[in-house]
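To start, the structure under review is shown below, and the notes come after it.
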Amino acid sequence: MHKIDEDEDLNVISKSQRKRDSHALQDLGEALSKLGNDTLKKFPLTPELYEALVSIKKIAPSKHTARKRNLQYIGKLMRLIEDVEPIATQYAELKAPSQQQIAFSHLAENWRDRMLADSSNGEELAAFALKFPAVNVEELAQVIAETKIERAAKKPPKHYRLLYKEVHRLILAQSKET
């Protein structure tokens with residue numbers, strides 16, 4: 001009876017797993033192909049892979065077979081790279097919003113909700129104006145009033161979104177100044 005070494009058994013990757021990995025690399029290659037050439041130059045790509053990613057952009061969208069064949073070639077080139085992790089990590093970082101962008105969005109939502117919940121004579125709007133002096137208080141007060149009317153009438157949130165956009169724009173503008 002032939003005894004299989006346990007270490008060899010643990011290192012065997014199933015055909016299904018190899019296929020999943022191959023498809024994942026091909027999907028990453030397809031995602032990379034949608035990036036601009038200047039952005040692609042920042043990635044640690046082999047010259048052949050870079051050329052393949054650039055050339056797929058020249059294929060007409062109606063040429064499905066040619067496009068699929070080129071994507072398979074990109075997948076093959078991706079598999080030849082020993083360590084794809086830096087490319088995948090860099091792409092994930094490129095596509096993920098930064099922590100600062102998320103914080104600005106949360107801050108804008110917070111200010112919007114505070115101004116809408118303010119039932120007094122605009123104390124929250126005044127506090128916002130102190131913190132963000134570039135605000136046009138009259139215009140923002142008008143948008144707040146229209147948002148409250150809109151919400152009371154259960155209409156689509158047109159002014160609610162407009163209020164968020166304006167608050168977010170002011171927060172971003174001030175963050176760029178500092």
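Structure above, values below:
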{"read-out": "Qualifying residue in the range 78-95 (condition: among the basic types (Lys, Arg), in contact (Cβ under 8 Å) with a residue 24 or more places away in the chain, in a helix (DSSP H, G or I) and surrounded by 16 or more Cβ atoms within 10 Å (Cβ to Cβ))", "value": "no"}
{"read-out": "Flag for residue 42 being in a helix (DSSP H, G or I) and at pLDDT 90 or above", "value": "no"}
{"read-out": "Qualifying residues in the range 133-160 (those that are of a type in the set (Gly, Ala, Ser) and outside any helix (DSSP H, G or I)) - the one nearest to residue 175 (Cα to Cα)", "value": "134"}
{"read-out": "Among (1) touching a helix residue (DSSP H, G or I) at 6+ places or on another chain (Cβ under 9 Å); (2) more than 16 Å from residue 34 (Cα to Cα), the one test that residue 91 misses", "value": "(2)"}
{"read-out": "Conditions (1) open to solvent by 70 Å² or more (accessible area, probe 1.4 Å); (2) in contact (Cβ under 8 Å) with a residue 40 or more places away in the chain; (3) farther than 30 Å from residue 171 by Cβ; (4) assigned to a loop (DSSP other than H, G, I, E, B): number failed by residue 61", "value": "(2)"}
{"read-out": "Some residue of the range 121-132 being in contact with a Leu (Cβ under 7 Å, 6 or more places away or on another chain), more than 30 Å from residue 29 (Cβ to Cβ) and not in a helix (DSSP H, G or I)", "value": "yes"}
{"read-out": "Some residue of the range 41-60 being more than 30 Å from residue 23 (Cα to Cα) and within 23 Å of the chain's Cα centre (by Cα)", "value": "no"}
{"read-out": "Test set (1) open to solvent by less than 60 Å² (accessible area, probe 1.4 Å); (2) more than 30 Å from residue 42 (Cβ to Cβ); (3) not small (Gly, Ala, Ser) - residue 168 fails condition number", "value": "(2)"}
{"read-out": "Considering residues of the range 110-145 that are among the acidic types (Asp, Glu) and under 14 Å from residue 166 (Cα atoms) only, the residue surrounded by the most Cβ atoms within 10 Å (Cβ to Cβ)", "value": "113"}
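The values are calculated or read from the model by the stated rules, or taken from the named source; none is laboratory data. Computed from a predicted structure; not experimentally measured. Backbone-built Cβ (ideal geometry, glycine too); neighbour counts: all protein chains shown. We work out accessible area using only protein heavy atoms, side chains counted, and drop any ligands, DNA or RNA first. Shrake-Rupley method; radii C 1.70, N 1.55, O 1.52, S 1.80 Å.
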